[in-house]
1. Using only the Cα atoms of chain B, build the gyration tensor, take square roots of its eigenvalues as a ≥ b ≥ c, and label the shape rounded, prolate or oblate: rounded if a/c is under 1.5, else prolate if a/b is larger than b/c, else oblate.
2. Amide H of A:Thr186 versus every other amide H placed in the peptide plane: which residues, excluding those fewer than 5 positions away on the same chain, fall under 5 Å?
3. Here are some pairs, B:Lys262/B:Lys342; A:Lys5/A:Lys40; B:Lys100/B:Lys232; B:Lys278/B:Lys483; A:Lys9/B:Lys483; which of them have Cα atoms lying more than 18 Å apart in this structure?
4. Could you pull out every residue, at least 5 positions away or on a different chain, whose amide H is within less than 5 Å of the one on A:Val16? Hs are placed 1.01 Å off N in the peptide plane, and Pro or chain starts have none.
5. Lysines near B:Lys49 by alpha-carbon distance under 22 Å, same-chain residues fewer than 8 away left out - which ones?
6. Taking the Cα centre of the stretch B:255-489 as origin, sum charge times position over the Cβ atoms of Lys and Arg (+1) and Asp and Glu (-1), and report the length of that vector in debye to the nearest 20.
7. With 10 angstrom as the radius, rank B:Cys125, A:Cys146, B:Cys39, B:Cys186 by how many other C-beta atoms surround their C-beta, starting from the fewest.
8. Once the Cα atoms of helix B:306-324 and of chain B are each reduced to a long axis, what angle between those two axes, in degrees from 0 to 90 to the nearest 10, is obtained?
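The numbers here are math on the coordinates, done by the rules we state, and not lab data. This structure is a prediction, so every number in the text was calculated from the model and none was measured. Cβ: placed from backbone, ideal geometry, glycine included. Neighbour counts: every protein chain shown.
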Amino acid sequence: MIEIKDLKKVYAGVAVVNVPHLEIRKGESVGLIGNNGAGKTTIFRMMLDLIRPESGEVLSKGENVAHSENWKNYTAAYLDEGFLIDYLTPEEYFYFVGGLHNQTRAHVDDFLSGYTEFFNGEILKKGKYIRDLSKGNQCKVGVVACLLQSPEMLMLDEPFANIDPSTQIRLKGLLKDLTKNQGMTTLVSSHDLSHVTEVCDRILLMEKGKIIKDITTNASTLKELEEYFTVGMTAE
Amino acid sequence: MVSTFIQHELKLFWRSKNSGKNLAIRIIMGIMILYLMACFLLLGFILDKILEKAFPTDNLIKAFSGILLYYFLFDLLSRFQLQELPTLKVQPYLHLPIKKNTIIRYLSFASLQSFFNLTPYILFCPFIFKVILHQNGGAIAWAFIFAITGFTVFNNYLSLYIKRRSNLNGWVSVGFAIFLVLLIMCDYVWHIISFKTLSFLYFGHLLTQPVWVFLPLVMGFAIYYVNFLYLKQNLYLEELGSQKKSAYKSSTEIPFLSAFGKVGDLMANEIKLILRNKRSKSALTMCTIMLFYGLIFYTNKIYGDGWKVFCGMFMTGIFIISYGQFLYGWQAAHFDGILVSKVNFRDFLKGKYLLFTGISTVAFVLTTPYAFFGWHVVFVHFMMYLWNIGISITIVLFFANRNYKRIDLSKGASFNWEGVGATQMLLGFPLIITPFIIYWPFAWLGHADIGLLIIGGCGVLFILMRPYWIKKLEADFYTKKYKIAEGFRNK
């Protein structure tokens, strides 16, 4: 699905991302973890063609994302509030995104009705612009706008950070369902080790721009990761 | 503590991203501010000459005393429009162990750094030193300066106080504006009261009895204290801030735009952007005010035909200039989202063309009543309208590809330098001067209308070439998109 070759990004003489090779196969659910400044968001941005890499390329279905725009047809992402049009109401935003994929309003309404529980009555018909919502609720809007596009590839940057426990549980259920039953490829980053190990089959651990661990999740993964981060603390 | 605050304030100024990292921009801004001040200073120095001309029968000092109150009345009115509330800066101090009184004093003093508090001195001190000092002596001259200080401080805190009150209740500001307008009408239209007499009554007394200087000083201090007490009772962010209590925001549609498909959707979004954000809304307001521009020039015979070109250009194109100069900075906050989404950049550009064409067309239609000054005016307007929707839009979009500055939509437009960079300075020249380069040679040879037809013709040509320009602009955008997106991410 996605292949990264010799990808490198340098800021002020420091390589913030340096990934010689990485392949994400169709239907995989991948978790990306690492401390602040490890390069998680930067790698996301390069995969979405938002920043130009110093060298190397990101291929989506074999096409370089910087040269072709086909990936936009099957990729949906929510990295931060910068992805939302904040002066629209959530409904207007959903209709807009749906419209980009030639969906009618009725179709969008129908789709949204399946998320009443996820929204917990705080998003739709509240008479607020997106900018007036809390960060957690903005995140809900962003995630659902992604799913509305029924993507083959879903990228979320720290989706668990601002949402309440109930929504965290619902989102985890949702992500598991999407990969298991709909074959969606997901790439999720998080600071919460237990969330990623629960949701993802494969974990990528980043440190200073490099992917230093690439492990298939099993029963001892969480422990292994916790150990790594604890050791990292004492070493510094 | 106060010195720490002042240090922070200085750091804020120098380190603020929008005060311009670029030295050239700082210099240009500095020159513009100096120029503005020099204009006021010049006005101050020739004030006695102006007063002599304006009130030939009156004694000079009497005339001077007569105008002061007018000045402060208009000062209050313009402060009310333009002065910003210096509030949000206190947020990082509220939770620290700093006394409320200290914070409020800091807030109050911070509000004094405004251009409005400098102008009365620049305007009136030259006169005071030239005339009053000469005729009435030092004590009286100082009395005048202190009295002016008193009124300035009074105006400063009164306008802030009312603005703060209106944050909690929007009707306060409406009521106050109506009150001021009625006050001015009472003088000019109904002649019930005369500020000239009133002003002379006070400043005339000041000439003989300098004790009266305490009146404005006490007034100034009183309103400072009222403001102080009000702040102390309401030192909560949501009450200080400029955001009003939100009413129910309904989703709206603009039905006829759906006929344009995805381009129409993009344009609908942009219309919402303009109407739902403070700064863009003020660009639109300016556009509406500009429609009256013609009244200044067409009612007076001394302005020749060249001014029609100028007016036509501005009245049908001001929105393209004032809104267009910051493209795509308006959408900076969600630019990443646009780049990642399925929005085709060609559609994005078409949306811009459609938006500007639409608004210019509305502006042109609204200016047709100027036919009252002869149908030729409408002809000139129409030619300039064609120029604007053909060429000005394309120029603006060309420069938009070179604009990397983010715009915070929630801030007001007046005295807001955010987003202003070299691009905006450069943009003005081709936009405003080119039509005149075409027009003047023909006007000089006595064939002004041929010049106008050529201007209109160029506009039509560019309109016909739109698909070509869109392709060019799109290709150009792809070479710069990373830089634009990165610039917009920098808050």
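1. Verdict is oblate for chain B.
2. Result for A:Thr186 returns A:Glu28, A:Ser29, A:Val30, A:Leu154.
3. Details: B:Lys262/B:Lys342 11 Å; A:Lys5/A:Lys40 16 Å; B:Lys100/B:Lys232 7 Å; B:Lys278/B:Lys483 27 Å; A:Lys9/B:Lys483 15 Å.
In this structure, B:Lys278/B:Lys483 exceed 18 Å between Cα atoms.
4. Result for A:Val16 returns A:Lys9, A:Val10, A:Tyr11.
5. Within the straight-line cut-off, B:Lys49 pairs with B:Lys62, B:Lys130, B:Lys196.
6. Result for the stretch B:255-489 is approximately 640 debye, rounded to the nearest 20.
7. Working: B:Cys125 17, A:Cys146 20, B:Cys39 11, B:Cys186 14.
Going from least to most buried by this count: B:Cys39, B:Cys186, B:Cys125, A:Cys146.
8. The angle comes out at about 80 degrees.
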